[in-house]
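Chemist: Dropping the structure in here first, questions after.
The values are calculated or read from the model by the stated rules, or taken from the named source; none is laboratory data. Please read all numbers here as calculations on a predicted model, not as lab measurements. Cβ atoms come from the backbone with ideal geometry, glycine included; neighbour counts cover every protein chain shown.
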């Protein structure tokens, strides 16, 4: 169902929801690009607050297209579950950080991945 969202209805950058008391908010500047960063790469996101989340959780919905700047799976490291040998997609440690100085939020598409 999520992959059936037409291109014109895709959100760019995709949203990342955090608790209003998330410690990352202490160092993020909302006037600059914000990235969700893992050991594999980074993805530009729009941070939104969602009361009720654990204070260190980052929630990203699935289904955003990588070619339009989304696709959180591209920054998730490969791993196996401890039981069943399946893919461990829902346990990736990440951090939120601003992009380089001079890069400001303009709502333009951005490719994820390293860099």
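Chemist: Could you say whether any residue in the range 56-77 is in contact with a helix residue (DSSP H, G or I) (Cβ under 8 Å, 6 or more places away or on another chain), closer than 21 Å to residue 7 by Cβ, at pLDDT 80 or above and in a loop (DSSP other than H, G, I, E, B)?
Modeler: Within the range 56-77, one or more residues are in contact with a helix residue (DSSP H, G or I) (Cβ under 8 Å, 6 or more places away or on another chain), closer than 21 Å to residue 7 by Cβ, at pLDDT 80 or above and in a loop (DSSP other than H, G, I, E, B).
Chemist: For the range 12-24: of the residues being surrounded by 15 or more Cβ atoms within 10 Å (Cβ to Cβ) and more than 12 Å from the chain's Cα centre (by Cα), which is nearest to residue 48 (Cα to Cα)?
Modeler: Taking the range 12-24 and keeping what is surrounded by 15 or more Cβ atoms within 10 Å (Cβ to Cβ), we get 12-19, 22, 24.
From the residues that got through so far, the ones that are more than 12 Å from the chain's Cα centre (by Cα) too are 19, 22, 24.
Numbers: 19: 8, 22: 11, 24: 12 Å.
Out of the qualifying residues, it is 19.
Chemist: If you take the residues of the range 78-102 that are surrounded by 13 or more Cβ atoms within 10 Å (Cβ to Cβ) and assigned to a loop (DSSP other than H, G, I, E, B), which of them is modelled with the lowest pLDDT?
Modeler: 89
Chemist: Condition test on residue 36, is it in contact with a strand residue (DSSP E or B) (Cβ under 7 Å, 6 or more places away or on another chain) and part of a loop (DSSP other than H, G, I, E, B)? Break it down stepwise before answering.
Modeler: Working: in contact with a strand residue (DSSP E or B) (Cβ under 7 Å, 6 or more places away or on another chain): yes; part of a loop (DSSP other than H, G, I, E, B): no.
No, not satisfied.
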